[in-house]
Amino acid sequence: MSAPGTPTLDQLRIFLAVVDSGSFAAAGRRLNRAVSVISYGIANLEAQLGLTLFEREGTRKPELTVAGRALLADARAVAHGVDGLRARVKGLLDGLEAEVDLAVDVMLPAERLGAVLRAFAREYPTVQLRLHVEALGAVLAMVREGRAMVGISGPLAIGADGVECVAAGSVPLVPVAAPDHPLGQMAQIAPGAGRDYTQLVLTDRSRATDGQDYSVLSPKTWRLADLGAKHALLCEGVGWGNMPLPMVESDLVAGTLVRLAMPDHPGGTYRFAGIWRRDTPPGPAAEWLIAQFVEQGRADAALAGMIDL
């Protein structure tokens, strides 16, 4: 048995047009071709493949054969793949990035991140995204080292050498503990009481904050590199610690965590900044991402009595 020939992209497009429009004549109108050209294209495709794709006799419109139905998904995949290739090439010719590496601070509310990236997928379907979620100075380090094109960093990036910054909102951090934790059971917490209990502290994967502590009150600490792990340990009553309010609001409502009214440690405002290297300005897609985070952050407001962290 001889091997099948190689169909052309035009033949596959004609095949799909006939399937989607329901007739050779409708396919001709869709493609702005004569019906004879459509018939000739299908005949050539069938000859190339050695298969009959449409039943033409005894029916008012062409019906797919078993073989035609079997090949339909593959034909669509090829056509869509070529369309995607052409769109990507056009984007590159227009200066659009092929991919964007984005680093975001772990404190950024997940709902905001999801909303922006969902819109990004619609706006730039040909641009691949690599997302890195980091803590404290690691976002700044990734951008400085060129491992991320742009970042949404915490306050450590503000004023950093060689980096451009634009304000991108904020999130309140509040001290919390499990209701069965000693601090969680206190009706009134005395100044300095937090020092007597283990504080769960988020650590930095980079070396940007070596030897520095932020919002650490207790000499007894557990250091954690993952905010999700910190959240889980807080709920288990292992210690107390600061958490972004959006992440623990449902716990506060459910009573699995309680907000601690600590007179000497009420929490604070954690500000975000969109950042990029001054010598490597973002392209259109990365610039759009930064603009979206900035716009989303305009409505953020600091809670009363909180200072900037």
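Of all complete DSSP H helices in the chain, those with a Cα span along the helix axis of 30 Å or greater and a mean Kyte-Doolittle hydropathy of -1.0 or more are 66-93. Please report the base-10 log of the normalised intensity I(q)/I(0) for region 54-201, using a Debye sum with one equal scatterer per alpha carbon and no solvent, at each q in 0.09, 0.13 (1/Å). Log-scaled intensity ratios, in q order: -0.57, -0.83.
Amide H contacts under 5 Å for residue 221: 199, restricted to partners 5 or more places along the chain or on a different chain, H placed in the peptide plane at 1.01 Å from N. Based on DSSP H segments of at least four residues, each scored -39500 (n - 2.57), the chain has a per-residue ellipticity at 222 nm of -12000 deg cm²/dmol.
Order of 180-190, 100-110 by packing, highest average Cβ count within 10 Å first? Present the calculation step by step, with values, prior to reporting the outcome.
Values: 180-190: 13.7, 100-110: 22.2.
Result, highest mean first: 100-110, 180-190.
FYI, it's all coordinate maths here, none of it is from the lab. Model, not experiment: these values are computed from the prediction. Heads up, the Cβs are rebuilt from the backbone with ideal geometry, glycines too, and the neighbour counts pull from every protein chain shown.
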